[in-house]
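What follows is a short report on a single structure.
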Amino acid sequence: MKECYRCKEKKSVKDFYKDPANKDGLSGWCKECVKKASKEWAKNNKNKVRKAIKKWNKNNRERLLEIQRKGQKKYRMKYPEKARAHSKASSSKIKKVDCTTCGGIENLEYHHPDYSKPLEVVVLCRKCHGKIHNGE
């Protein structure tokens, strides 16, 4: 058992990360506190996080593309009907002129009310499309 310096709770040594700099070889904070602190730091340092992500993406282009390809393949396997609908709509001659909800002309996307009808789409801006999918 070890006490976390941050939350002051006694926890199993399995609840602490390894840290060879400390005498006992474990971090002073429990894993839960480390995760909370990391999330809080990221929330308060969004620009630094964005810059770090952008830098990593630039320096690891091949790895990034590999990750994206795997994610896309997994999505197509999990949601074949959605994938077919997206593909058909993208290759169709349907024009993206403006958002049918707000009239916006930037970041236009296709929305499928029914994936079994891939060419029956509604053109929406990214903001309005997000609202529909988030139930707003």
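Read-outs throughout are calculated quantities, based only on the coordinates presented, and are distinct from any laboratory measurement. Just so you know, these numbers come straight off a predicted model, no measurement behind them. As a convention, Cβ positions derive from the backbone with ideal geometry for all residues, glycine included, and neighbour counts pool all protein chains shown.
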Item to complete: Taking the Cβ of each residue in His133, His86 as the centre, tally the other Cβ atoms inside 10 Å and list the residues starting with the fewest.
Response: His133, His86
Worksheet item: Would you list Val13, Val121 from fewest to most Cβ contacts within 10 Å?
Response: Val13, Val121
Practice prompt. Could you work out how far apart the two model spin labels at Lys88 and Lys23 are, taking each label as a point 7 Å from the Cα in the direction of the beta carbon, and quote it in nm?
Written response: 7.0 nm
Practice prompt. Enter the angle in degrees (range 0 to 90, nearest 10) between the Cα long axis of helix 31-44 and the first principal axis of the Cα atoms of the chain, meaning the one along which they spread out most.
Written response: 50 degrees
Discussion item. Using Cβ counts within 10 Å as a stand-in for footprinting exposure, how do Arg126, Arg50 rank, fewest first?
Written reply: Arg50, Arg126
Worksheet item: Near Lys46, which aspartates and glutamates are there with a Cα under 20 Å away, not counting those fewer than 8 places off in the same chain?
Response: none
Item to complete: Identify all aspartates and glutamates with a Cα-Cα distance to Lys117 below 13 Å; exclude those on the same chain that are fewer than 8 residues away in sequence.
Response: Glu81
Worksheet item: Which FRET efficiency value, to the nearest 0.05, is calculated for Asp114 and Gln68 with the Förster distance at 25 angstrom and r the Cβ-Cβ distance?
Response: 0.35
Discussion item. Just to confirm the number: angle between the C-alpha axis of helix 46-59 and the first principal axis of the chain, 0 to 90 degrees, nearest 10?
Written reply: 80 degrees
Discussion item. Quick check on my link table: of Lys8/Lys43; Lys73/Lys131; Lys14/Lys39; Lys23/Lys51; Lys36/Lys70; Lys18/Lys78, which ones sit more than 32 Å apart, alpha carbon to alpha carbon?
Written reply: Lys23/Lys51; Lys18/Lys78
Response to the item:
Under the Karplus relation with 6.51, -1.76 and 1.60 and θ = phi - 60°, whole-Hz ³J(HN,Hα) for region 90-102, x at Gly and Pro, equal 5, 8, 7, 8, 5, 7, 9, 9, 7, 5, 6, 8, 10
Worksheet item: What ³J(HN,Hα) values, in whole Hz, does the Karplus curve 6.51 cos²θ - 1.76 cosθ + 1.60 give for region 16-26 when θ = phi - 60°, with x put for Gly and Pro?
Response: 10, 6, 6, 8, x, 6, 8, 4, 7, x, 10
Item to complete: Sticking with the crude label model, points 7 Å out along Cα→Cβ, report the distance from Lys55 to Val34 in nm, one decimal please.
Response: 2.1 nm
Discussion item. Tell me the mean residue ellipticity at 222 nm calculated for the chain from its helices only (DSSP H runs of n ≥ 4, each -39500 (n - 2.57), averaged over every residue, nearest 500).
Written reply: -15500 deg cm²/dmol
Worksheet item: In a shell of Cβ-Cβ distance under 13 Å around Gly104, excluding Gly104 itself, what net charge do Lys and Arg (+1) and Asp and Glu (-1) give?
Response: +1
